[in-house]
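The values are calculated or read from the model by the stated rules, or taken from the named source; none is laboratory data. Keep in mind that what you see is a predicted model, and the values were worked out from it rather than measured. Cβ: placed from backbone, ideal geometry, glycine included. Neighbour counts: every protein chain shown. Keep in mind that these areas ignore ligands, DNA and RNA; they rest on the heavy atoms of the full protein, side chains included. Shrake-Rupley method; radii C 1.70, N 1.55, O 1.52, S 1.80 Å.
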Amino acid sequence: MAGGVGSRFWPVSTEDFPKQFHDMLGAGSTLIQKTFSRLSKLIPVENILILTNERYNELVLEQLPMVSQEQVLLEPAMRNTAPCILYASLKIQKMNPNALMVVAPSDHWIEDEAEFANNLQQCFNFCEKEDALMTLGIQPTFPNTGFGYIEFDKLDSNPIKKVSQFREKPNYETAKSFLKAGNFLWNGGIFIWSVQSITRAFTKFQPQMDDLFQSGLNSYNTDSEKQFIEENYAKSENLSIDYAVMENATNVYVLPATFDWNDLGTWSSLHEKLDKDDQNNAVINATVILENASNNIIRADGKKLIVVDGLDDYIIVDKDNVLLIYPKSKEQDIKRITALATKN
């Protein structure tokens, strides 16, 4: 899934050029390129579909030259994760009724790719035998209030655990209690299932959405698919896969992931992954003079010289005609600031 805007990474991530198409960590590959490479170690390249907004079609083909246009599923309207997953599931099911699927966001950072592949194969093996809707749960490392959580039975000693319930993004005290309890995982948004299991779930829990996309079944994988999607996709309800299916189903399982993971959703999460100086400052593409400065993330284009004195825990980003100097403690407000800035 590569259709998000990543507005909390403004001004680097914009509607015209969102974060999945940027090399956010200076690693030599963009996030979507890293995700594609990671998945292609287990899945044939020709079997990987990229779901994105139609405005990013050229960016996808430019950054992933090994994929064909037929592998890029274009959304004519932004409708969250449930509609695009149902659309892709029905397409895949028509190609192969016995197929297994993994749904992966394009903007996650995973360093131990071998362990990721092992976890994914474990999920595939389970879903091949069971009618299961699976997710990879991330072991929480601190009481994060920006993620949803997955609760499982404390007494379940199986490697793959039955999910008790999904929990919404908690406040800080609740998040601390989740960590203390020990049977809560971060909801990382990576899902595994058979096409039979997920399409059956949509039929049960989202009959209206299911009817809409089932009505185009004859057009999928044909020349008429594009027209059907253009005429009908926007009619779909705007729902996440969690709300549409996962929170309603009883056959939901989770594998606690054994790889390191970062969703790179905010500047602070990026700061966590970067090399830092002895004052915990992270610098990307900038030349800096730092005095009495600590815990900052500083990014610029073209190695611009940036001088900082007396700032602690700030986001400092110079991009084109925008300079952002913003406290990390308020970074959840950047999405709101972005909306204000785009009006000016």
Notebook entry, point to check: Yes or no: residue 32 within 28 Å of residue 333 (Cβ to Cβ) and at pLDDT 95 or above?
Noted result: yes
Next item on the list: Determine which member of the set 151, 70, 115, 130 is open to solvent by 20 Å² or more (accessible area, probe 1.4 Å), touching a Lys or Arg at 6+ places or on another chain (Cβ under 9 Å) and of a type in the set (D, E, K, R).
Entry: 151
Next item on the list: Give me a count of the residues in the range 22-49 that are under 17 Å from the mean Cα position of the chain (by Cα), in a loop (DSSP other than H, G, I, E, B) and touching a residue at least 40 places away in the same chain (Cβ under 8 Å).
Entry: 3
Item checked: Selected residue (criterion: nearest to residue 188 (Cα to Cα)) from residues of the range 78-95 that are among the β-branched types (Val, Ile, Thr) and within 15 Å of the chain's Cα centre (by Cα) -> 81
Checklist line | Total residues in the range 1-21, condition open to solvent by less than 20 Å² (accessible area, probe 1.4 Å), of a type outside the set (Gly, Ala, Ser) and either part of a loop (DSSP other than H, G, I, E, B) or touching a strand residue (DSSP E or B) at 6+ places or on another chain (Cβ under 7 Å) (or both) | finding: 3
Notebook entry, point to check: Which of the residues spanning the range 226-248 are in contact (Cβ under 8 Å) with a residue 60 or more places away in the chain, acidic (Asp, Glu) and in a helix (DSSP H, G or I)?
Noted result: 230, 242
Checklist line | Unique match (being more than 16 Å from residue 12 (Cα to Cα) and either without any contact (Cβ under 8 Å) to a residue 24 or more places away in the chain or β-branched (Val, Ile, Thr) (or both)) among 313, 301 | finding: 313
Note to self: Please list, ordered by residue number, the strands (runs of 3 or more DSSP E) wholly in the range 115-224 having 3 or more residues that are among the small types (Gly, Ala, Ser) and within 23 Å of the chain's Cα centre (by Cα).
What the structure shows: 184-194
Next item on the list: Could you identify the single residue in 44, 83, 65, 76 that is out of contact with any Leu (no Cβ under 8 Å at 6 or more places or on another chain) and closer than 23 Å to residue 229 by Cα?
Entry: 76
Notebook entry, point to check: Failed condition for residue 98, given (1) part of a loop (DSSP other than H, G, I, E, B); (2) more than 19 Å from the chain's Cα centre (by Cα); (3) over 24 Å from residue 131 (Cα atoms), with all others met?
Noted result: (3)
Check: Quick check: is even one residue across the range 88-99 open to solvent by 20 Å² or more (accessible area, probe 1.4 Å) and more than 29 Å from residue 235 (Cβ to Cβ)?
Finding: yes
Next item on the list: State which residue pairs qualify: first residue touching a residue at least 40 places away in the same chain (Cβ under 8 Å) and closer than 17 Å to residue 251 by Cα and inside the range 188-212, second residue in a loop (DSSP other than H, G, I, E, B) and of a type in the set (D, E, K, R) in any location, beta carbons under 7 Å apart, and separation of 6 or more residues or different chains.
Entry: 197/131
Check: Inside the range 225-248, can you point out the residues that are farther than 12 Å from residue 81 by Cα, surrounded by fewer than 16 Cβ atoms within 10 Å (Cβ to Cβ) and not polar (S, T, N, Q)?
Finding: 226, 230, 231, 234, 235
Check: Looking at (1) surrounded by 13 or more Cβ atoms within 10 Å (Cβ to Cβ); (2) closer than 28 Å to residue 196 by Cα; (3) not aliphatic (A, V, I, L, M), which is the one condition that is false for residue 121?
Finding: (1)
Item checked: Answer residue from the range 320-338, given it is assigned to a helix (DSSP H, G or I) and free of Cβ contacts under 8 Å to residues at least 24 places away in the same chain and is most open to solvent (accessible area, probe 1.4 Å) among those -> 336
Next item on the list: Restricting attention to strands (runs of 3 or more DSSP E) lying wholly within the range 249-319, give those where 3 or more residues are open to solvent by 60 Å² or more (accessible area, probe 1.4 Å).
Entry: 282-291, 297-309
